[in-house]
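J.: Right, I'll just put the structure down here and ask away after.
Derivation of every value follows stated rules applied to the coordinates shown; laboratory data play no part. A quick note: this is a predicted structure, and the numbers were derived from the prediction, not measured. Glycine gets a Cβ as well: all are built from the backbone with ideal geometry, and neighbour counts include every protein chain shown.
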Amino acid sequence: MGLGYTTIMYDPSEVIETGIGDVAACRYDGLEIGLGKLREAGPNRIAGLLDEYDLDLYCVMAGWLLTEDDAEDAIDGAALAADLGADFLGILPPPRGQVSDDDFETWLHDIAAAAEDAGITVVLHHHGGAHIEQPDEIREWLDRTPDNVELLFDTAHYHPYGDVVEGIERYADDIAYVHLKDIASPAGFETHVENLTAGKVDFDSIINFIWAFRDLGEGELDFEAIDEALADAGYDGHQTIEIENRRERPLVHAKQNIDSHRNATE
């Protein structure tokens, strides 16, 4: 098992110039990067930096699955991610109400087939305001997809819809990869969550949802209890700290988060 960090807070050029070095300097074990960012930064350059800094590539995250072109992009990305040694190809479901169940299911099956050919595992990322959001929807879509599609469990994206520890217990046999992030619900957060669940294109609700995410230890989640629940569930895979809205001083946040995780779990 390793602890990784995402490159969400770095632009493609910054990933090369400072991002991967920052992750290594903070003594993370691995890295997650978006598929589009990987292509723009250059797969060979990324591979060289991963080797230079002795970092594993945990996951390549494809973009939102909104169109046939998005599905094709993920299909093409499976071999690219596998060639770089990634364990997982992450899939983000479309926003709610934007894609039919039939299209979504077809795309997932096509992506899973490409991933099987490439030798990489697909992980479905349940996500607030997305096609897979509620706990029962997670179960439904895991059941509707091939066996090589597993679950990316995200602590902050599960919290608005259920108890995180109970979610880990419920999906213990399905979790292949974990995102760790904290969340602090602002005033009126329940209404914003309900708007997104209803598929409303409400920018105020979207912004309030995104900005509810926090560095580890600054929100409502108990990461000591989460770590214990993962251990009790027999989970021994990778965990990646995913910070989405801290573009200022990214190195500081990378270090702050690994220290917070260690303080909570060691």
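J.: Which of the numbered conditions does residue 195 fail, given that it passes all the others? Conditions: (1) buried (at least 17 other Cβ atoms within 10 Å of the Cβ); (2) touching a residue at least 24 places away in the same chain (Cβ under 8 Å).
T.: Exception for residue 195: condition (2).
J.: Test residue 34 against the stated conditions and say whether it is surrounded by 21 or more Cβ atoms within 10 Å (Cβ to Cβ) and in contact (Cβ under 8 Å) with a residue 24 or more places away in the chain.
T.: On the way: surrounded by 21 or more Cβ atoms within 10 Å (Cβ to Cβ): yes; in contact (Cβ under 8 Å) with a residue 24 or more places away in the chain: yes.
Taking the combined requirement at face value, the residue satisfies it.
J.: State whether one or more residues within region 80-93 are small (Gly, Ala, Ser), under 21 Å from residue 147 (Cα atoms) and in contact with a helix residue (DSSP H, G or I) (Cβ under 7 Å, 6 or more places away or on another chain). I'd like the intermediate steps shown before the answer.
T.: If we filter region 80-93 for residues that are small (Gly, Ala, Ser), which is where we start, we get 81-82, 85-86, 90.
Okay, now just the ones that are also under 21 Å from residue 147 (Cα atoms), so 81-82, 85-86, 90.
Checking which are in contact with a helix residue (DSSP H, G or I) (Cβ under 7 Å, 6 or more places away or on another chain) leaves us with 82.
Checked region 80-93: at least one residue is small (Gly, Ala, Ser), under 21 Å from residue 147 (Cα atoms) and in contact with a helix residue (DSSP H, G or I) (Cβ under 7 Å, 6 or more places away or on another chain).
J.: Where residues in region 44-58 are over 20 Å from residue 244 (Cα atoms) and within 20 Å of the chain's Cα centre (by Cα), which of them is surrounded by the most Cβ atoms within 10 Å (Cβ to Cβ)? Steps first, answer last, please.
T.: Residues of region 44-58 that are over 20 Å from residue 244 (Cα atoms), as a first pass: 44-56.
Add one more test, that the residue is within 20 Å of the chain's Cα centre (by Cα), and what stays is 46, 50, 55-56.
Details: 46: 23, 50: 21, 55: 20, 56: 15.
Only one residue tops the list, namely 46.
J.: Scanning region 138-162 for residues that are among the charged types (D, E, K, R) and in contact with a helix residue (DSSP H, G or I) (Cβ under 9 Å, 6 or more places away or on another chain), which turns out nearest to residue 101 (Cα to Cα)?
T.: So the first thing to find is which residues in region 138-162 are among the charged types (D, E, K, R), and the list is 139-140, 143-144, 147, 150, 154.
Within this subset, residues satisfying the condition of being in contact with a helix residue (DSSP H, G or I) (Cβ under 9 Å, 6 or more places away or on another chain) are 139, 144, 147, 150.
Values: 139: 14, 144: 10, 147: 19, 150: 18 Å.
Among them, the one singled out is 144.
J.: Sticking with this one: Restricting the search to region 1-47, which residues are polar (S, T, N, Q) and over 22 Å from residue 76 (Cα atoms)? Outline the logic, then answer.
T.: Initially, region 1-47 is screened for residues polar (S, T, N, Q), giving 6-7, 13, 18, 44.
Those that are polar (S, T, N, Q) and over 22 Å from residue 76 (Cα atoms): 13, 18.
The rows are residues; the columns are (1) of a type in the set (Ser, Thr, Tyr); (2) out of contact with any strand residue (DSSP E or B) (no Cβ under 7 Å at 6 or more places or on another chain); (3) within 21 Å of residue 157 (Cβ to Cβ); (4) in a loop (DSSP other than H, G, I, E, B).
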{"residue": "217", "(1), (2), (3), (4)": "no, no, yes, yes"}
{"residue": "221", "(1), (2), (3), (4)": "no, no, yes, yes"}
{"residue": "229", "(1), (2), (3), (4)": "no, yes, yes, no"}
{"residue": "234", "(1), (2), (3), (4)": "no, yes, no, yes"}
{"residue": "237", "(1), (2), (3), (4)": "no, no, yes, yes"}
{"residue": "248", "(1), (2), (3), (4)": "no, yes, no, yes"}
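J.: Oh, and also: Filter region 216-266 for residues that are of a type in the set (D, E, K, R) and surrounded by 20 or more Cβ atoms within 10 Å (Cβ to Cβ) and give the result.
T.: Of the residues in region 216-266, the ones of a type in the set (D, E, K, R) are 218, 220, 222, 224, 227-228, 232, 236, 242, 244, 246-249, 255, 259, 262, 266.
Of everything in region 216-266, just one residue is of a type in the set (D, E, K, R) and surrounded by 20 or more Cβ atoms within 10 Å (Cβ to Cβ), namely 242.
J.: If you check 82, 114, which single one turns out to be surrounded by 16 or more Cβ atoms within 10 Å (Cβ to Cβ), in contact with a Gly (Cβ under 7 Å, 6 or more places away or on another chain) and over 22 Å from residue 154 (Cα atoms)? Before you say what the answer is, go through the steps one by one.
T.: On the way: 114 fails: in contact with a Gly (Cβ under 7 Å, 6 or more places away or on another chain).
Exactly one of 82, 114 is surrounded by 16 or more Cβ atoms within 10 Å (Cβ to Cβ), in contact with a Gly (Cβ under 7 Å, 6 or more places away or on another chain) and over 22 Å from residue 154 (Cα atoms), namely 82.
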